[in-house]
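The values are calculated or read from the model by the stated rules, or taken from the named source; none is laboratory data. Just so you know, these numbers come straight off a predicted model, no measurement behind them. All Cβ positions, glycine included, derive from the backbone under ideal geometry; neighbour counts span all protein chains shown. The accessibility values were calculated without ligands, DNA or RNA, using every heavy atom of the protein model including side chains. Shrake-Rupley method; radii C 1.70, N 1.55, O 1.52, S 1.80 Å.
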Amino acid sequence: MASFPPVRSVERAIELLQCLNRQPISTLDLLHRQTGLPKPSLVRLLQTLVAKGLVNHAPQHGAYYLTSAVHTLSCGYHSEPRIIEAAAPVADAFTASFKWPVAVAVFDTDAVVVRYSTIAQSPLSLLHSTINMRLSLVSRALGRAYLAFCPPDEQEIILGLLAQSTDPEDEPAADLQKVMATLEEVRTRGYAVRNPAVRPVSNTLALPIFENGRVAASFGLTWFSSALSQEEAVSTLYPAMKEAADKISARLKALDGNSKQPAMKAARAPSRKKPATVKRAPRQAG
């Protein structure tokens with residue numbers, strides 16, 4: 001619950017922007033009918049938005065319309081924030097039910113990076129946090145679950161990069177035949193597990209998350225090796241993990257559908273855009 005009541009002027013400004021976003025051009029009368037706000041209040045809000053460069057006024061038509069500057073309100077909302085928005089409620093509910101911590105990881109050049117984790121909500125966590133942890137694509141479950149479901153051309157490029165890596169966990173990429181067999185096994189059974197030699201005290205079960213038929217992220221659960229064998233973890237947790245991963249994929253699709261409504265002005269950024277310069281955190285054990 002919020003500590004303070006909402007700021008009404010901010011609420012009104014957001015409501016007005018949403019209304020302006022529903023049609024290419026809006027008259028004062030139309031905005032009054034859609035928002036229910038008094039016309040003097042609307043005029044003050046519109047003049048403020050004009051001053052900020054977000055709205056233009058066409059006096060000859062007595063109408064208002066959004067400018068391209070409105071894109072600045074959504075330019076930070078791209079692949080990763082959308083995935084987190086879709087995954088967080090599902091991940092939280094999963095840990096609330098099964099207690100084990102789960103994480104969501106996204107691709108980043110030569111690894112996957114954990115962007116959401118329920119470690120803080122789990123009583124069964126080995127680590128304090130895994131946020132921003134970089135994980136190998138060929139040794140870690142979250143990495144394997146992503147790489148195995150990449151299109152073949154992308155997979156080839158990524159494996160070429162990993163073959164040049166000096167990270168010990170990427171060494172399996174040097175044996176292309178062996179790593180391809182591992183990835184084929186992941187695709188066949190629908191999930192990945194971690195290379196047990198990496199961190200024997202625990203293991204991770206991971207599945208892909210899809211968006212529009214393409215792998216967008218991976219979803220993984222980590223458990224104590226002393227509590228469950230791999231076979232026990234798969235038999236008891238995989239069905240619920242699959243349901244959760246499918247639910248995240250469905251939520252991503254719904255968010256994508258919302259972003260493509262005709263009224264929306266800002267185009268969604270490409271879901272797999274790579275930054276020109278990548279600032280990488282060191283890989284950690286996890």
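Restricting segment 92-120 to residues that are in contact with a Pro (Cβ under 9 Å, 6 or more places away or on another chain) and assigned to a helix (DSSP H, G or I), which is nearest to Gly160 (Cα to Cα)?
Ile119
Go through segment 62-85 and count every residue that is touching an Asp or Glu at 6+ places or on another chain (Cβ under 9 Å) and either at pLDDT below 80 or open to solvent by 30 Å² or more (accessible area, probe 1.4 Å) (or both).
Within segment 62-85, the subset touching an Asp or Glu at 6+ places or on another chain (Cβ under 9 Å) is 62, 77, 79, 82-83.
After this cut, where a residue has to be either at pLDDT below 80 or open to solvent by 30 Å² or more (accessible area, probe 1.4 Å) (or both) as well, the list is 62, 77, 79.
Number satisfying all stated conditions: 3.
Would you call Arg44 among the basic types (Lys, Arg), open to solvent by 50 Å² or more (accessible area, probe 1.4 Å), more than 21 Å from Pro24 (Cβ to Cβ) and assigned to a strand (DSSP E or B)? Don't jump to the end; show me each part of the working.
Values: among the basic types (Lys, Arg): yes; open to solvent by 50 Å² or more (accessible area, probe 1.4 Å): yes; more than 21 Å from Pro24 (Cβ to Cβ): yes; assigned to a strand (DSSP E or B): no.
It is false that Arg44 is among the basic types (Lys, Arg), open to solvent by 50 Å² or more (accessible area, probe 1.4 Å), more than 21 Å from Pro24 (Cβ to Cβ) and assigned to a strand (DSSP E or B).
To keep it simple, each residue is scored yes or no on (1) part of a helix (DSSP H, G or I); (2) closer than 21 Å to Asn212 by Cα; (3) in contact with a Lys or Arg (Cβ under 7 Å, 6 or more places away or on another chain).
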position	(1), (2), (3)
Ser129	no, no, no
Asp153	yes, yes, no
Ser165	no, no, no
Val179	yes, no, no
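Can you pull out every residue in segment 209-219 that is surrounded by fewer than 24 Cβ atoms within 10 Å (Cβ to Cβ) and part of a strand (DSSP E or B)? Write out each step before concluding.
Taking segment 209-219 as the starting set, the residues that turn out to be surrounded by fewer than 24 Cβ atoms within 10 Å (Cβ to Cβ) are 210-215.
Listed by number, the residues that qualify are Phe210, Glu211, Arg214, Val215.
Counting just the residues of segment 86-108 that are of a type outside the set (A, V, I, L, M) and either under 12 Å from the mean Cα position of the chain (by Cα) or open to solvent by 20 Å² or more (accessible area, probe 1.4 Å) (or both), which one comes out farthest from Leu137 (Cα to Cα)?
Our first condition is that a residue be of a type outside the set (A, V, I, L, M); within segment 86-108, this holds for 89, 92, 94-95, 97-101, 107-108.
Now drop any that are not either under 12 Å from the mean Cα position of the chain (by Cα) or open to solvent by 20 Å² or more (accessible area, probe 1.4 Å) (or both), which leaves 89, 92, 97-100, 107-108.
On the way: Pro89: 26, Asp92: 25, Ser97: 29, Phe98: 26, Lys99: 26, Trp100: 22, Phe107: 9, Asp108: 10 Å.
Result: Ser97.
For segment 16-28, which residues satisfy the criterion of being surrounded by fewer than 16 Cβ atoms within 10 Å (Cβ to Cβ) and not in a loop (DSSP other than H, G, I, E, B)?
Answer for segment 16-28, where residues must be surrounded by fewer than 16 Cβ atoms within 10 Å (Cβ to Cβ) and not in a loop (DSSP other than H, G, I, E, B): Gln18, Thr27, Leu28.
Yes or no, residue by residue, for (1) outside any strand (DSSP E or B); (2) on the phi < 0 side of the Ramachandran plot; (3) without any contact (Cβ under 8 Å) to a residue 60 or more places away in the chain; (4) among the acidic types (Asp, Glu):
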site	(1), (2), (3), (4)
Gly160	yes, yes, yes, no
Glu169	yes, yes, no, yes
Leu207	no, yes, no, no
Leu221	no, yes, no, no
Glu231	yes, yes, yes, yes
Val234	yes, yes, yes, no
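Which residues, taken from segment 1-15, are open to solvent by 90 Å² or more (accessible area, probe 1.4 Å) and hydroxyl-bearing (Ser, Thr, Tyr)?
Ser3
Under 7 Å between Cβ atoms, which residue pairs at least 6 apart in sequence (or on different chains) link something in segment 106-122 that is closer than 19 Å to Arg144 by Cβ with a partner that is open to solvent by less than 10 Å² (accessible area, probe 1.4 Å) and of a type in the set (Phe, Trp, Tyr)?
Phe107/Tyr146; Val112/Tyr146
From (1) acidic (Asp, Glu); (2) open to solvent by 20 Å² or more (accessible area, probe 1.4 Å); (3) modelled with pLDDT under 95, pick out the condition that doesn't hold for Asp256.
The single condition Asp256 does not satisfy is (2).
Within the set of pairs 6+ apart or on separate chains, which have a first residue in segment 15-44 that is within 13 Å of Val55 (Cα to Cα), a second that is part of a strand (DSSP E or B) and open to solvent by 40 Å² or more (accessible area, probe 1.4 Å), and C-beta atoms under 8 Å apart?
From residues that are within 13 Å of Val55 (Cα to Cα), the pairs are Leu20/Tyr65; Pro24/Tyr65; Ile25/Tyr65; Ser26/Tyr65.
Can you find, within segment 141-200, the residue that is least open to solvent (accessible area, probe 1.4 Å) among those that are polar (S, T, N, Q) and closer than 21 Å to Thr109 by Cβ? Steps first, answer last, please.
At the first step, the residues of segment 141-200 found to be polar (S, T, N, Q) are 155, 164-166, 177, 182, 188, 195.
Remaining after also requiring closer than 21 Å to Thr109 by Cβ: 155, 164-166, 182, 195.
Details: Gln155: 11, Gln164: 143, Ser165: 43, Thr166: 134, Thr182: 39, Asn195: 43 Å².
Per the criteria, the residue is Gln155.
So which residues in segment 159-204 are within 18 Å of Val114 (Cα to Cα) and within 22 Å of the chain's Cα centre (by Cα), if there are any at all?
Passing the criteria: Tyr191, Ala192, Val193, Arg194, Thr204.
Only one of Ser125, Ser129 is surrounded by fewer than 16 Cβ atoms within 10 Å (Cβ to Cβ) and polar (S, T, N, Q). Can you tell me which? Don't jump to the end; show me each part of the working.
Working: Ser125 fails: surrounded by fewer than 16 Cβ atoms within 10 Å (Cβ to Cβ).
After applying the criteria, what remains is Ser129.
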